[in-house]
1. Looking at the structure I just gave you, is B:SER65 more than 17 Å from B:VAL107 (Cβ to Cβ), surrounded by 17 or more Cβ atoms within 10 Å (Cβ to Cβ) and of a type in the set (Ser, Thr, Tyr)?
2. Output the qualifying pairs, or none if there are none: Cβ atoms under 6 angstrom, residues six or more apart or on different chains, first residue in the stretch B:72-83 and part of a loop (DSSP other than H, G, I, E, B), second residue of a type outside the set (A, V, I, L, M, F, W, C) and surrounded by 16 or more Cβ atoms within 10 Å (Cβ to Cβ).
3. Residues in the stretch B:30-54 that are surrounded by 13 or more Cβ atoms within 10 Å (Cβ to Cβ), more than 10 Å from chain A (Cβ to nearest Cβ) and in a loop (DSSP other than H, G, I, E, B): how many?
4. Restricted to the stretch B:1-28, and to residues that are within 14 Å of chain A (Cβ to nearest Cβ) and surrounded by fewer than 13 Cβ atoms within 10 Å (Cβ to Cβ), which residue is farthest from B:THR72 (Cα to Cα)?
5. Name the one entry in B:GLU96, B:GLU59, B:GLU44 that is within 14 Å of the chain's Cα centre (by Cα) and over 15 Å from B:GLN8 (Cα atoms).
6. Test B:ASP22 against the criterion of being acidic (Asp, Glu) and under 12 Å from the mean Cα position of the chain (by Cα), and give yes or no.
7. Checking the condition closer than 23 Å to B:THR111 by Cα and acidic (Asp, Glu), which residue from A:GLU73, A:GLU59, A:GLU79 passes?
8. Give me the pairs: first residue in the stretch A:83-110 and more than 9 Å from chain B (Cβ to nearest Cβ), second residue of a type in the set (D, E, K, R) and assigned to a strand (DSSP E or B), beta-carbon distance under 6 Å, and six or more apart or on different chains, which are they?
Amino acid sequence: NAGVTQTPKFQVLKTGQSMTLQCAQDMNHNSMYWYRQDPGMGLRLIYYSASEGTTDKGEVPNGYNVSRLNKREFSLRLESAAPSQTSVYFCATLPRQKLFFGSGTQLSVL
Amino acid sequence: AQKVTQAQTEISVVEKEDVTLDCVYETRDTTYYLFWYKQPPSGELVFLIRRNSFDEQNEISGRYSWNFQKSTSSFNFTITASQVVDSAVYFCALSEALQGGGGYQKVTFGTGTKLQVIP
C-alpha cells in the first residue's frame, strides 16, 4: 500500500545518546518533511526537503540533522539527545496538495 | 509569515449535539491551501479536507461541513450530530507556496482543538 513508513514507533534514550529516525515514502513525491508534536503546540516543522539532495531548516531545527538519502528516504538524526527532544515525531510528504503522514515515533529522552 | 490560530483548546459536547471548530489564518499569499486533519486517540493524522484559496464554496461530507470565508480569514469546521467516534484532536493547517514555486510548500499547523464527545 502506498504511504509513508516511519521507524521505530517507540524509542527511549538517555541524555546524550544518539539515534536516527527513518522515513520512507513510496508516493514518488519530491518534498518530505519532519515535524514534532508537543502538547498544546501543534505540529512544528523541524526540517524539510524540497527534492532529493536538498534540505532546509524549518521552525525548530536546533539539535537535529537530516539526510535526504534518495527520493524515497528522509532521515532525522539526534546527535546528542536532550530531554527537551521528548516528543512525537512525524514524517510527511505532500503529493497532490495533501500531506500524508507516517504513523509517528514516540521518543522519550530521560 | 503565515499563522494559524485555533482558539478553542478543548471542547466537550454531548453526543448528537452539533459542534463548530474555529480556525483563523494569516497569510500574505493570494494562492494557498487550507486543511483539516483529525488525530484520534490512536495518534495517526487523518486528512479530512483541503480547500483552495480560490474556491470559497462551502463543502459538506456526511456529518462534516466546512465554511471558508476569505473576508474573515476563517475556515471553520462543523460536525453535525456528533458521535463518540468524533472524539479526537482536530488540526487546521495552511499551506503556502515558496516564491517562484519549486515544488516545496510550507505547511503551518494550528495548535489543535481537542474534542470530547460524551455519550
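1. Details: more than 17 Å from B:VAL107 (Cβ to Cβ): yes; surrounded by 17 or more Cβ atoms within 10 Å (Cβ to Cβ): yes; of a type in the set (Ser, Thr, Tyr): yes.
So B:SER65 fits the description; yes.
2. Taking only residues 6 or more apart or on different chains, the pairs are B:SER73/B:TYR25.
3. 2
4. B:GLU10
5. Answer to the check: B:GLU59.
6. Yes, satisfied.
7. When all the criteria are applied, what remains is A:GLU59.
8. Cβ pairs passing all conditions: A:SER87/A:ARG36; A:SER87/A:ASP38; A:TYR89/A:ARG36.
Every read-out reported here was derived from the displayed coordinates using simple, explicitly stated rules and does not represent laboratory data. Only a predicted model underlies this, so the values are computations on that prediction, with no experimental measurement involved. Positions of Cβ are backbone-derived with ideal geometry, glycine not excepted, and every protein chain shown enters the neighbour counts.
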